[in-house]
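So the structure is just underneath, and the comments pick up after that.
Just so you know, all these numbers are worked out from the coordinates, no wet-lab data involved. Keep in mind that this is a model prediction, so the values were computed, not measured. Neighbour counts are summed over all protein chains in view; Cβ atoms, including those assigned to glycine, are modelled from backbone coordinates with ideal geometry.
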Amino acid sequence: MRTAWRGVYFLLLSTGYWLATRTVDQQREIQATRNAFLQSRLSPHLLFNTLNYVYDCVYGVSAEAAKAVMLLSNVMRFSLSKVSAEGKIKLVDEVEQVQHLINLHQLRVNNRLNIDTHFGIDDNEAEIIPLVILSLVENVFNHGNFSEPGKKAFIGISLKDGRFEFRSVNHKKEFDRAGFGTGISNNKSRLESYYSKKFSLSLVDTPITYEVKLTIDLRP
């Protein structure tokens, strides 16, 4: 009987020790999660406070520089904005950020970029997964040459009857680092996971130009 009680005693003791250590581990995990959450909230907050400070500093010196800071702030805020339960955002909101991005790059070179745009959206409530269009447009600026006479880029975005279409064409830079492939590959993986067979992505790569065409059926 005494041996049985000793067995029960040590069983309870070991169980209590396990529960105590598990509780400590859980508290550490909760604290780590809380710290990560606070850090994720703090980093954007610090970024936007810094951008606001820079804006205030340069506004009296250069209106164009202040405008560039504000455009950058808008794009960054959008990239951190919340998405719907389906992981999507309004298409018109992303198109607005595309326009901000174009304006930002124009300010960098005193509006010397030769670029034509066409935006036509017939449904302001249509949704799309975020940052796909922005990343494609950013690729145009990173790898395209359209600051020289005779070299022009085109960016077109349209939505009609649920059919979304993006198209970009640009001359290549004479000396350019690789980069189109990775961005296109990442976008394609995201599109496949969200839209499966409801999208097509085509690339036309010539020695002189690069063209991207993306179509998505956004109908439910």
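Okay, here's what the table says:
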| quantity | calculated |
| --- | --- |
| Distance violations [Cα-Cα > 19 Å] among K67/K172; K152/K213; K88/K198; K90/K160; K188/K213; K152/K188 | K67/K172; K152/K188 |
| GluC sites (Glu not before Pro) within the range 111-220: DSSP coil, no more than 13 neighbouring Cβ in 10 Å | E125, E174 |
| Evaluated at q = 0.14, 0.24 Å⁻¹: base-10 log I(q)/I(0), Debye formula over Cα of the range 111-171 | -0.45, -0.99 |
| Rg/Rh (Cα only; Kirkwood hydrodynamic radius) as it applies to the range 87-220 | 0.96 |
| Antiparallel bridge percentage (DSSP; both residues within the range 99-220; nearest 5) | 75 percent |
